[in-house]
Amino acid sequence: MDELLARHTQMPIYRVEDGMVVEPNSLYLIPPKQEMIIADGKLLLTEKDSKQALSLPIDHFFRSLAQDAGARSIAVVLSGTGSDGSRGIRDVNKTGGLVIVQSVESAKFDGMPKSAIDTNLVDVVVEPTEIAEVLDRYAKHPFRSKLELEKSPPVDETSIESVFRLLQHRHRIDFNYYKPTTIGRRIERRIQLNHRGGDIDEYVRRLEDDPTEVDKLYKDLLIGVTRFFRDRDAFNVLRNDVLPALLLACDPGDEFRVWVAACATGEEAYSIAIMIDECMKEMDRRLAVKIFATDVHQASIDFAHTGVYPETSLDQLANQCFEVHLARRRNLV
C-alpha cells in the first residue's frame, strides 16, 4: 500500500510503530493483524483478537479519535465493502467533529459509504476529487472549541429563543433547558457546514426558510453515543448494591419495573435487562420484569425496538454473558 500511495503524493508515508507521534502532512498505515487507536497524539497498536469473529479497525480508531481530539476530529469514509466506520462516526459526530463520506455513485465498492450515509450522521457527501477542497475550507474556518464558546460573550437571547421556537414548532420539543454552550456549539457547526459566513441572526433566517436545516440541527442536538455497559463503574454499583436490595424488597408475584429515560438506541436498557436476569438467577428469585425505555428521538427508538446490534458494540460483554443472552446472526447480534 505504501508503494501505491507514494505514486500519488510527496508526503512521507509511515508504517505505524507503537507509540509513534502523529505529525502534520504525513500518512500513517496500520500494520497487518493490528488494531490502532490514537491517545494524546500518539498512535498505539494492539494485536487483533483472533477469537473475535468480526474486525472493524476503522470503527475502533474513529472512537479513539473522537475521544482524543473531540470537536477537532475529522472522519473520512471512502470506497470499501462492509460497514466498517459507520459506528465510529457516531462518536465523531457526538463530539462535534466532521464526517465526510465518498458519494456512493463514485465508489467502486459502495458498502462502507452507503452504511455511513444510512446513519444520517454524515456532514458532507462528495466525490473523492472534492474532499481536499472540503478539508481546506474546513481548516480555514475551524469551529470554536467548547472552552472558547464558554469564554465568548453569550449568544443573543432573542436569536436563541427564535431557534428554540423553530425547533419546537417542527419537532414538538422544548430545548429551553438545553445547555446554552451546546446549542451555541451546534449552531456554529451548522453555520460552518453550510459554508455560509454570517452570524446567528442570518442562521435563524436560514432556519425559517429551510425546514430541512431545522431537521439537521435537531439531529445534531439529539444524536447520542452509547454502548452496552458503557459506564462500567456505574453498572457495578447497580449490580452489587442497588439491584439486590430492590429485588429482595419485592414480594413473590410482584412486577419489577424499570424506566430507562433518554435510552438513545437502547443499549443501556438491554444492559439493565441482562443485569437483572443475572442478579435474579444468583439470588434464586424470579419476578416478572417490565422495562420502559423512552427517548424523544424517534429514529433512536425505532433502532432500539429492533434489538439488533453490530457485534463490535458488545465488546464490554463477557463471553459467557454473550452466549446466554444474545444470538448471533452473521455480523449482528
**Asked** Do the conditions hold for residue 29, that is, is it surrounded by fewer than 15 Cβ atoms within 10 Å (Cβ to Cβ) and either closer than 18 Å to residue 97 by Cβ or at pLDDT 95 or above (or both)?
**Response** yes
Going through (1) out of contact with any Gly (no Cβ under 6 Å at 6 or more places or on another chain); (2) over 24 Å from residue 113 (Cβ atoms) one by one, residue 61 fails only at (2)
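Can you tell me which residue in the range 207-222 is farthest from residue 294 (Cα to Cα), limited to those that are among the acidic types (Asp, Glu) and part of a helix (DSSP H, G or I)? Talk me through it step by step, then tell me what you get.
Pass one, the range 207-222, residues among the acidic types (Asp, Glu): 208-210, 213, 215, 220.
Then keep just the ones that are part of a helix (DSSP H, G or I); that gives 208-209, 213, 215, 220.
Working: 208: 30, 209: 32, 213: 25, 215: 20, 220: 19 Å.
Only one residue tops the list, namely 209.
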Return yes or no: is residue 113 under 22 Å from residue 212 (Cβ atoms) and either within 22 Å of the chain's Cα centre (by Cα) or at pLDDT 85 or above (or both)? yes
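Quick check: is even one residue across the range 186-199 polar (S, T, N, Q), modelled with pLDDT under 80 and within 23 Å of residue 264 (Cβ to Cβ)?
Here is the first cut: in the range 186-199, the ones polar (S, T, N, Q) are 192, 194.
Then drop every residue that is not modelled with pLDDT under 80, which leaves 192, 194.
With the extra rule that they be within 23 Å of residue 264 (Cβ to Cβ), the set shrinks to none.
No, because not a single residue in the range 186-199 is polar (S, T, N, Q), modelled with pLDDT under 80 and within 23 Å of residue 264 (Cβ to Cβ).
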Selection from the range 200-232 of residues among the hydroxyl-bearing types (Ser, Thr, Tyr) and modelled with pLDDT of 85 or more yields 203, 212, 218
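Given the residues 37, 13, which is the only one that is of a type in the set (Val, Ile, Thr) and either within 25 Å of residue 111 (Cβ to Cβ) or loosely packed, with under 13 Cβ neighbours inside 10 Å (or both)? Talk me through it step by step, then tell me what you get.
On the way: 13 fails: either within 25 Å of residue 111 (Cβ to Cβ) or loosely packed, with under 13 Cβ neighbours inside 10 Å (or both).
Residue meeting the stated conditions: 37.
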Cβ pairs under 6 Å, 6+ apart or interchain, first in the range 45-65 and assigned by TED's automatic domain parsing to the domain that holds residue 85, second surrounded by fewer than 12 Cβ atoms within 10 Å (Cβ to Cβ), ordered by first then second residue, are 48/33
Across (1) touching a helix residue (DSSP H, G or I) at 6+ places or on another chain (Cβ under 6 Å); (2) under 26 Å from residue 184 (Cα atoms); (3) without any contact (Cβ under 8 Å) to a residue 12 or more places away in the chain, residue 139 clears everything bar (1)
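Look through 82, 97 and report the one residue that is assigned by TED's automatic domain parsing to the domain that holds residue 112 and either surrounded by fewer than 16 Cβ atoms within 10 Å (Cβ to Cβ) or under 20 Å from residue 31 (Cβ atoms) (or both). Walk me through how you get there before you give the answer.
Values: 97 fails: either surrounded by fewer than 16 Cβ atoms within 10 Å (Cβ to Cβ) or under 20 Å from residue 31 (Cβ atoms) (or both).
The unique qualifying residue is 82.
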Sole miss for residue 93 among (1) among the polar types (S, T, N, Q); (2) touching a Lys or Arg at 6+ places or on another chain (Cβ under 7 Å); (3) closer than 22 Å to residue 216 by Cβ is condition (2)
For residue 251, the lone unmet condition from (1) part of a loop (DSSP other than H, G, I, E, B); (2) closer than 30 Å to residue 171 by Cβ is (2)
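Only one of these is more than 22 Å from residue 265 (Cβ to Cβ), modelled with pLDDT of 95 or more and of a type in the set (Ser, Thr, Tyr): 106, 50, 145. Name it. Walk me through how you get there before you give the answer.
Numbers: 50 fails: modelled with pLDDT of 95 or more; 145 fails: modelled with pLDDT of 95 or more.
Among 106, 50, 145, only 106 is more than 22 Å from residue 265 (Cβ to Cβ), modelled with pLDDT of 95 or more and of a type in the set (Ser, Thr, Tyr).
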Of the candidates 290, 281, the one satisfying the condition of being of a type in the set (D, E, K, R), surrounded by fewer than 14 Cβ atoms within 10 Å (Cβ to Cβ) and more than 33 Å from the chain's Cα centre (by Cα) is 281
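The values are calculated or read from the model by the stated rules, or taken from the named source; none is laboratory data. All figures in this text were calculated on a predicted structure; none of them were measured in a lab. Don't worry about glycine lacking a Cβ; one is built from the backbone with ideal geometry, like all the others, and counts go over all protein chains shown.
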